[in-house]
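Asks: There's a structure below that I have some questions on.
The values are calculated or read from the model by the stated rules, or taken from the named source; none is laboratory data. Remember, it's a predicted structure, so these values are computed and weren't measured experimentally. Cβ placement follows ideal geometry from the backbone for every residue including glycine, while neighbour counts extend to all protein chains displayed.
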Amino acid sequence: MNCQRCNKNLIDYHYQELDPATYEDMAEHLTGCGDCALEYCRLDVEFRGVIDNTRVRPSDDLHRKLRNRVAAEFAPSWKNKLAQLFTIPIPVYQTALLLVVSLTLAFFLSSERRAPHSVSGDLTAQHASTHAPAVILENYDANRLIIVDNDQL
Amino acid sequence: MQRDTELLQQIRLGEMGAFDVLYERYAVRLLSYIHRFVGDRAAAEDLVQEVFLAVLKDQSFDCTKEGFARWVFTVARNRALNYQRDKKRNATKLKEFQTLARPIESSPATPRQGLSKGITQALSKLSPKHQDTLVLKQFGEFSYREIAEIQGVAEGTVKSRFHFAVRQLRQSLTTRGDNA
């Protein structure tokens, strides 16, 4: 690359608008050529000057005002909250599903373990072992409960 | 770092932390860009508010695609041009036109005041199209292709406008330096 071509490409080089091959050539030329390197530095300073000179800092008031307006416009509603559920990443749902499944399993297993104690067949077995006649509980009324003495039987 | 489109979605769901991040990213760039058009700080700040709200409300932008910055600056450019047009239409006195054409006042004195003043003068000598291209490149940090999409012209046109603007700017600065 010669200085004339380098000078022509200097602006595009600064903004990385060149194709990779030309960009490499430019970089190589600028490393070896003092004049072009100096020209590039000047250009860089001028661009920085343009930015510094045209930059306008927003007032704090602008941020506050705009924030209030945005907050009023997009305040979370039930609709937004519902929509938010669908924006939660998939791993969160997977963890939640795993938790629900394991809790359900644990509940069923524990209820199965408790179940044999409540079976009425056990009572019959108890009666059979003591040879006592079974009490007939037909037409049972708790208000007129008859206390039966074992000796009378 | 969260992408602009992700922040946009969060803001729409009422997440104000996301708004603060997006504001931090765009406020200075947008305000500086609009200020070049309108030349009035208060009006520029009002327009920045309008642009932000319009962008946040407009559901037509596809958040799954890139190009949020390009979209924001396109909206900003259109609003600023409308503002300029309205202001011109409403102007009844020649004086007001002169105010519009006057170069924008530079910020308070700094050690680099000379260069600053020179750049302001050099910029004001450029045509609005060339100023727009230069400022979009500087503040928008867009490629030629992106600026072409914003301005609705060919990529080659943007490239030649930008090169012309830089050459003019440098020439003005050099002439000024020689005269000083």
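Asks: If you take the residues of the stretch A:38-59 that are of a type outside the set (Gly, Ala, Ser), modelled with pLDDT of 85 or more and closer than 20 Å to B:Val28 by Cβ, which of them is surrounded by the fewest Cβ atoms within 10 Å (Cβ to Cβ)?
Replies: A:Arg57
Asks: When you go through B:Lys88, B:Lys65, B:Lys95 one by one, which is the residue that is at pLDDT below 90 and touching a Phe, Trp or Tyr at 6+ places or on another chain (Cβ under 8 Å)?
Replies: None of the other options fit; the residue is B:Lys88.
Asks: Here are the criteria: (1) in a helix (DSSP H, G or I); (2) more than 9 Å from chain A (Cβ to nearest Cβ); (3) of a type outside the set (A, V, I, L, M, F, W, C). Tell me which single one B:Ser60 does not satisfy.
Replies: Single failed check for B:Ser60: (1).
Asks: Follow-up. For the stretch B:65-78, indicate whether the set of residues that are of a type in the set (Ser, Thr, Tyr), facing chain A (nearest Cβ under 9 Å) and under 16 Å from B:Ile147 (Cα atoms) is non-empty.
Replies: No; the residues of the stretch B:65-78 include none that is of a type in the set (Ser, Thr, Tyr), facing chain A (nearest Cβ under 9 Å) and under 16 Å from B:Ile147 (Cα atoms).
Asks: To continue, here is another question. Are there any pairs, at least 6 apart or on different chains, whose C-beta atoms fall under 6 Å, with the first in the stretch B:19-31 and farther than 10 Å from A:Pro58 by Cα and the second in a helix (DSSP H, G or I), and if so, which?
Replies: B:Phe19/A:Val70; B:Phe19/B:Ile11; B:Val21/B:Leu7; B:Leu22/B:Leu7
Asks: Being among the acidic types (Asp, Glu), in a helix (DSSP H, G or I) and facing another protein chain (nearest Cβ under 9 Å), is that true of even one residue in the stretch B:4-16?
Replies: no
Asks: Can you work out which of the residues in the stretch B:121-180 that are in contact with a Ser or Thr (Cβ under 8 Å, 6 or more places away or on another chain) and over 27 Å from B:Arg25 (Cβ atoms) is nearest to the other protein chains (Cβ to nearest Cβ)?
Replies: Only one residue fits best here, namely B:Ala122.
Asks: Would you call B:Phe73 surrounded by 16 or more Cβ atoms within 10 Å (Cβ to Cβ), in contact (Cβ under 8 Å) with a residue 40 or more places away in the chain, part of a helix (DSSP H, G or I) and aromatic (Phe, Trp, Tyr)?
Replies: Spelling it out, B:Phe73 is indeed surrounded by 16 or more Cβ atoms within 10 Å (Cβ to Cβ), in contact (Cβ under 8 Å) with a residue 40 or more places away in the chain, part of a helix (DSSP H, G or I) and aromatic (Phe, Trp, Tyr).
Asks: In addition: When the residues of the stretch A:9-37 are narrowed to those that are within 14 Å of chain B (Cβ to nearest Cβ) and either loosely packed, with under 12 Cβ neighbours inside 10 Å or of a type in the set (A, V, I, L, M, F, W, C) (or both), which ends up nearest to the chain's Cα centre (by Cα)?
Replies: A:Gln16
Asks: While we're on this one: In this structure, does B:Val38 turn out to be of a type outside the set (Phe, Trp, Tyr) and more than 9 Å from chain A (Cβ to nearest Cβ)?
Replies: It is true that B:Val38 is of a type outside the set (Phe, Trp, Tyr) and more than 9 Å from chain A (Cβ to nearest Cβ).
Asks: Let me ask something additional. If the Cβ limit is 7 Å and pairs must be 6+ apart or interchain, which residue in the stretch A:16-27 that is among the aromatic types (Phe, Trp, Tyr) pairs with which residue that is part of a helix (DSSP H, G or I)?
Replies: So the pair list comes out as A:Tyr23/A:Tyr13.
Residue-wise test of (1) more than 19 Å from A:Tyr40 (Cα to Cα); (2) without any contact (Cβ under 8 Å) to a residue 24 or more places away in the chain; (3) in contact with a strand residue (DSSP E or B) (Cβ under 7 Å, 6 or more places away or on another chain); (4) not polar (S, T, N, Q).
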{"position": "B:Lys129", "(1), (2), (3), (4)": "yes, no, no, yes"}
{"position": "B:Lys137", "(1), (2), (3), (4)": "no, no, no, yes"}
{"position": "B:Ser143", "(1), (2), (3), (4)": "yes, yes, no, no"}
{"position": "B:Glu146", "(1), (2), (3), (4)": "yes, no, no, yes"}
{"position": "B:Glu149", "(1), (2), (3), (4)": "yes, no, no, yes"}
{"position": "B:Gly156", "(1), (2), (3), (4)": "yes, yes, no, yes"}
{"position": "B:Phe162", "(1), (2), (3), (4)": "no, no, no, yes"}
{"position": "B:Ala165", "(1), (2), (3), (4)": "no, no, no, yes"}
{"position": "B:Gln168", "(1), (2), (3), (4)": "no, no, no, no"}
